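These notes concern the structure reproduced below.
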Amino acid sequence: MTPFTYARAASPDDALRLISHPHAKFLGGGTNLVDLMRETLERPDTLVDVTGLSSTIEDLPGGGILIGAAARNTAVAEHRAVRERFPVVARAIVAGASAQIRNMATVGGNLLQRTRCTYFYDDEGSRCNKRNPGQGCDAVDGFNRNHAILGASPACVATHPSDLCVALAALGALVHLRGAGGERTVALTDLHRLPEDHPEIETVLAPGELITAVELPALPFGRRSTYRKVRDRASYAFALVSVAAALELEDGHVKDVRLALGGVAHKPWRAWQAEAALVGKPATAENFLAAADAELSQARPLKDNGFKIELTRRTIAAVLADITEQHA
Ligand SMILES: Cc1cc2nc3c(=O)[nH]c(=O)nc-3n(C[C@H](O)[C@H](O)[C@H](O)COP(=O)(O)OP(=O)(O)OC[C@H]3O[C@@H](n4cnc5c(N)ncnc54)[C@H](O)[C@@H]3O)c2cc1C
């Protein structure tokens, strides 16, 4: 591990002052960053601990919730208002990692955790454009069973690993940021980038920009939401495919729907086309599958991961059927 200095930020302004060092990084629970430092895939010379900043979980007027970026994943998953108004968030968090890791991991850190592509981690034996820009990608023609089927590029086929982010994408969450240029808010669906020619640039964050909070905007039918994660082991494994959904029905028809996918792209994938295909239609298994097909018509499987298309299709339909049953 490369030697580094450690400083604990007492306020957002303090964090921005400390991060202005060129090779400094923010430190949340450290459950991803410290692993990457041990592997020397990340080599910050200064760590700015932001776990002392806001970790509150507050009600917003109208039914939304504002979650401080330093809130621990467990605290969010166990919070009563989150569980009642946005069960998809609680379920997505609990589907990830282990209890000990969730106790340490923060919301800010969860959003910025890095891919689990094995070629990214293998810095002695494999080429990776994310790790070494311009080097090439050994996953494209390698063992790519876990890789992306949507939005990938010849430069990178890695997937985003977060479960929480998939739920946040479905709910239209907003990410509050603070940087040298002031404060701004971006939609979670715009925070992460598709790889295109620059997979090393993973988000739209400016250097040293701090995530201060995540906002769940009011969504009355968020109460009827859920998350399903399909993986090789029942626990302690990243998603092959995951689906976050919220569904509002009226007289057996889809009045509104929110749908996002995990394990299939370089970013949490909001299924806009499936949503558009469903609104106004009867809530039937046939229409759920047709909506999934509308989204997946843009899928481009690799050598080993064609199965993900059918798996995603069936998981979307199963999740929507589950929520429909809850309405009955
Ligand atoms: C064995 C194992 C299994 C796991 N399984 C899953 C899983 O199934 N599903 C899943 O979703 N996750 C899983 N994880 C990942 C885990 O959820 C992440 O490691 C965790 O959420 C990261 O949060 P952290 O606070 O520890 O972030 P850190 O490791 O501290 O930081 C991660 C990144 O975020 C940046 N950062 C942190 N806070 C801020 C901030 N406020 N503003 C700007 N940048 C910030 C850091 O600089 C760093 O780049 C697993 C992890 C492990 C070790």
Report every pair of residues separated by at least 6 positions or lying on different chains whose Cβ atoms are under 9 Å apart, first residue within region 236-249 and in the same structural domain as Arg145 (by TED's automatic domain parsing), second aromatic (Phe, Trp, Tyr) and more than 16 Å from the ligand (Cβ to nearest atom). Leu240/Phe307; Ala246/Phe86; Ala246/Phe221; Leu247/Phe221; Glu248/Phe221; Leu249/Phe221
Among residues of region 229-251 being among the aliphatic types (A, V, I, L, M) and within 16 Å of the ligand (Cβ to nearest atom), the residue modelled with the lowest pLDDT is Ala234
Ala7 is checked against (1) part of a helix (DSSP H, G or I); (2) farther than 27 Å from Arg258 by Cβ and fails just one. What number does that condition carry? (1)
Does Ala158 meet the test of being away from the ligand (no atom under 13 Å from the Cβ) and in contact (Cβ under 8 Å) with a residue 60 or more places away in the chain? yes
For Val34, work out the one condition from (1) among the hydrophobic types (A, V, I, L, M, F, W, C); (2) part of a helix (DSSP H, G or I); (3) in contact (Cβ under 8 Å) with a residue 24 or more places away in the chain it doesn't fulfil. (3)
Any hit, region 223-235, residues being crowded, with 21+ Cβ neighbours inside 10 Å, touching a Phe, Trp or Tyr at 6+ places or on another chain (Cβ under 8 Å) and either hydroxyl-bearing (Ser, Thr, Tyr) or not in a strand (DSSP E or B) (or both): yes
For region 176-211, give me each residue that is assigned to a strand (DSSP E or B) and out of contact with any Asp or Glu (no Cβ under 8 Å at 6 or more places or on another chain). Gly182, Glu183, Arg184, Val186, Ala187, Thr203, Leu210, Ile211
Go through the residues of region 89-105 one by one and say whether even a single one is touching a strand residue (DSSP E or B) at 6+ places or on another chain (Cβ under 6 Å), modelled with pLDDT of 95 or more and β-branched (Val, Ile, Thr). no
Among all residue pairs at least 6 apart or on different chains, which show Cβ distances below 9 Å where the first residue, located in region 205-217, is over 16 Å from Thr106 (Cβ atoms) and the second is within 7 Å of the ligand (Cβ to nearest atom) and among the hydrophobic types (A, V, I, L, M, F, W, C)? Gly208/Phe26
Residues being over 30 Å from Phe221 (Cβ atoms) and touching a helix residue (DSSP H, G or I) at 6+ places or on another chain (Cβ under 7 Å) - total across region 47-81: 3
Those residues of region 274-310 which are among the acidic types (Asp, Glu) and touching a Leu at 6+ places or on another chain (Cβ under 6 Å), in sequence order: Glu275
Go through region 296-308 and count every residue that is under 14 Å from Asn144 (Cβ atoms) and either surrounded by 13 or more Cβ atoms within 10 Å (Cβ to Cβ) or under 22 Å from the mean Cα position of the chain (by Cα) (or both). 9
Kindly indicate whether any position in region 93-109 is of a type in the set (Gly, Ala, Ser) and more than 20 Å from the chain's Cα centre (by Cα). no
Regarding region 241-252, can at least one residue be identified that is assigned to a strand (DSSP E or B) and farther than 15 Å from Val319 by Cβ? yes
Looking at Ala139, Ala95, which is the one that is within 14 Å of the ligand (Cβ to nearest atom) and either in the same structural domain as Gly68 (by TED's automatic domain parsing) or of a type outside the set (Lys, Arg) (or both)? Ala95
Select from region 54-73 the residues that are of a type outside the set (A, V, I, L, M, F, W, C), more than 12 Å from Ala173 (Cβ to Cβ) and under 21 Å from the mean Cα position of the chain (by Cα) and write down the one among them that is nearest to the ligand (Cβ to nearest atom). Asn73
Which residue is farthest from the ligand (Cβ to nearest atom), if the candidates are limited to region 37-47 and must be touching a residue at least 40 places away in the same chain (Cβ under 8 Å) and not in a loop (DSSP other than H, G, I, E, B)? Thr46
Being β-branched (Val, Ile, Thr) and more than 11 Å from the ligand (Cβ to nearest atom) narrows Thr212, Thr226 down to just Thr226
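The values are calculated or read from the model by the stated rules, or taken from the named source; none is laboratory data. Predicted, not measured: the structure shown is a model, and the values here were computed from it. In this analysis, Cβ positions are derived from the backbone assuming ideal geometry, glycine residues included, and neighbour counts consider all displayed protein chains.
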